[in-house]
Ligand SMILES: [Zn+2]
């Protein structure tokens, strides 16, 4: 079962499988929202098995260090994003559209630096932590971005975002470290036949939206429009 936890500017997700797993850890200041969501789900902090981060940005790793202290859960992150969380900084946030440029000063905040307990490449199994999802590296937004595949659903971090205005619609993420790599990740995800994608910002959308910005002939990313919703 998947529970979305709405933070100030991003989503975390609680997976209630064999053992509870938190996917992403909010922005700095989201701690009480996350702890309240655990309480509502009937999960005492000590039962949390794992904090798995889709990437190392401040609005996904912001409360990871404090949550580890409070729960004892281990923090897992792709090795390529370790430099971000070791410094507690986002690095360069390259805006993909005007709205990204507008909000950058407000969302680019430092967070408590930490050393992850589990640094992984492709292929590490989290089954000992009760997590049966397949972890797919989907770099581009950051070098170490990953997605979690849960049957027909996926948690995709910031590969794309949802729309501020339109339900069920995908938009390019506000920021992207390497657009060409992100396009390859979109192609990889779009081949999974996903029914539903849950992004790190705003609402979820059908898997068919993954191809919204891909040219079906070339498989390359279409020109981004100025539509910012
Ligand atoms: Zn991000």
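No lab work stands behind these numbers, since they all come straight from the coordinates. Source: prediction; values computed, not measured. Neighbour counts are summed over all protein chains in view; Cβ atoms, including those assigned to glycine, are modelled from backbone coordinates with ideal geometry.
Does the range 59-80 hold any residues that are away from the ligand (no atom under 16 Å from the Cβ) and either touching a residue at least 24 places away in the same chain (Cβ under 8 Å) or farther than 13 Å from residue 31 by Cβ (or both), and which are they? Within the range 59-80, 65, 66, 67, 68, 70, 71, 72, 73, 74, 75, 76, 79 meet the criteria. Of all residues in the range 185-195, which are surrounded by fewer than 17 Cβ atoms within 10 Å (Cβ to Cβ) and either in contact (Cβ under 8 Å) with a residue 24 or more places away in the chain or within 16 Å of the ligand (Cβ to nearest atom) (or both)? Residues satisfying the conditions are 187, 188, 192, 193, 195. Kindly establish whether residue 29 is buried (at least 24 other Cβ atoms within 10 Å of the Cβ) and within 21 Å of residue 104 (Cβ to Cβ). The answer is no for residue 29. If the condition is being farther than 20 Å from residue 49 by Cβ and without any contact (Cβ under 8 Å) to a residue 40 or more places away in the chain, then the range 102-122 contributes 102, 105, 106, 122. One residue stands out in the range 193-218 among those that are more than 17 Å from the chain's Cα centre (by Cα) and part of a loop (DSSP other than H, G, I, E, B): the one that is nearest to residue 95 (Cα to Cα), namely 213. Out of curiosity, is residue 119 closer than 20 Å to residue 134 by Cα, within 18 Å of the chain's Cα centre (by Cα) and not in a helix (DSSP H, G or I)? Against the criterion (closer than 20 Å to residue 134 by Cα, within 18 Å of the chain's Cα centre (by Cα) and not in a helix (DSSP H, G or I)), residue 119 qualifies. All conditions in (1) in a helix (DSSP H, G or I); (2) out of contact with any strand residue (DSSP E or B) (no Cβ under 8 Å at 6 or more places or on another chain); (3) touching a residue at least 12 places away in the same chain (Cβ under 8 Å) hold for residue 89, with the sole exception of (1). Selection of the range 152-192 for residues being under 12 Å from residue 135 (Cα atoms) and either assigned to a loop (DSSP other than H, G, I, E, B) or touching a helix residue (DSSP H, G or I) at 6+ places or on another chain (Cβ under 6 Å) (or both) yields only 189. Flag set for residue 56, criterion: in contact with a helix residue (DSSP H, G or I) (Cβ under 6 Å, 6 or more places away or on another chain), surrounded by 24 or more Cβ atoms within 10 Å (Cβ to Cβ), in contact (Cβ under 8 Å) with a residue 40 or more places away in the chain and on the phi < 0 side of the Ramachandran plot. Taken as a whole, the structure leaves residue 21 outside the set of residues that are over 20 Å from residue 160 (Cα atoms), crowded, with 23+ Cβ neighbours inside 10 Å and within 16 Å of the ligand (Cβ to nearest atom).
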